[in-house]
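The values are calculated or read from the model by the stated rules, or taken from the named source; none is laboratory data. Keep in mind the model is a prediction, meaning the values are calculated, not measured. As a convention, Cβ positions derive from the backbone with ideal geometry for all residues, glycine included, and neighbour counts pool all protein chains shown.
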């Protein structure tokens, strides 16, 4: 039975695990698509249109925002980034789920968008602030100054946990992933995501009448 695809929003403070969980989810189910962002910054060497980003001029991007063609957007270091509506809507109508790896502000914009009723939002918490700091340092990618900035921002991000449908504490990654899969499986079975269900039940009633 064909169902309506959903928009799965994953948010967390940096280092809590949302990006890893998103990748695990798409490896588990290859039909899940990742929401590719649009940006006004120029492509970097090796980046491909439609795979890494949709590269747009500033004027085109702003026109898309005015037309309602961006589910969410923000300006970062002088460049715009956002989630185009059209590919997400096409996937949803085809019964494909789309996962978003975004912050609470982007999540809030999508929940308030025209597709908001199709959103399932999950906030991922670290088991402790000490563990969050350890994970950030364990990456070996950032300076102490950058890590301090990420930690400072984490407090504000965590304060928005109650805005989400589900909250997972990522203590052990495998367990957290199993919980995320359970959420997705249950949300896929919701009655309002199965537009063909009413016709199916009418068919069952027709069978009763034909007996």
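Consider residue 122 carefully, then state whether it is within 30 Å of residue 2 (Cα to Cα), touching a helix residue (DSSP H, G or I) at 6+ places or on another chain (Cβ under 7 Å) and either crowded, with 20+ Cβ neighbours inside 10 Å or touching a residue at least 40 places away in the same chain (Cβ under 8 Å) (or both). Taking the combined requirement at face value, the residue satisfies it. Of the residues 142, 97, 156, the single one that is surrounded by 13 or more Cβ atoms within 10 Å (Cβ to Cβ) and either more than 23 Å from residue 193 (Cα to Cα) or free of Cβ contacts under 8 Å to residues at least 12 places away in the same chain (or both) is 142. Reported count of residues in the stretch 159-189, each being without any contact (Cβ under 8 Å) to a residue 60 or more places away in the chain, part of a helix (DSSP H, G or I) and surrounded by 12 or more Cβ atoms within 10 Å (Cβ to Cβ), is 4. For residues in the stretch 90-108 being under 23 Å from residue 63 (Cα atoms) and touching a helix residue (DSSP H, G or I) at 6+ places or on another chain (Cβ under 9 Å), which is modelled with the lowest pLDDT? The residue in question is 102.
Restricting attention to the stretch 190-202, the residues that are without any contact (Cβ under 8 Å) to a residue 24 or more places away in the chain and either assigned to a loop (DSSP other than H, G, I, E, B) or surrounded by 11 or more Cβ atoms within 10 Å (Cβ to Cβ) (or both) add up to 1. Does residue 58 qualify as being at pLDDT 95 or above, farther than 19 Å from residue 116 by Cβ and either surrounded by 14 or more Cβ atoms within 10 Å (Cβ to Cβ) or touching a strand residue (DSSP E or B) at 6+ places or on another chain (Cβ under 9 Å) (or both)? Considered against the rule, which asks whether it is at pLDDT 95 or above, farther than 19 Å from residue 116 by Cβ and either surrounded by 14 or more Cβ atoms within 10 Å (Cβ to Cβ) or touching a strand residue (DSSP E or B) at 6+ places or on another chain (Cβ under 9 Å) (or both), residue 58 comes out as yes.
Considering only residues that are modelled with pLDDT under 95 and within 21 Å of residue 107 (Cα to Cα), look in the stretch 39-53 and name the one that is surrounded by the most Cβ atoms within 10 Å (Cβ to Cβ). The qualifying residue surrounded by the most Cβ atoms within 10 Å (Cβ to Cβ) is 53.
May I ask you to verify whether residue 132 is surrounded by 15 or more Cβ atoms within 10 Å (Cβ to Cβ), in contact (Cβ under 8 Å) with a residue 24 or more places away in the chain and more than 16 Å from the chain's Cα centre (by Cα)? So residue 132 passes the test.
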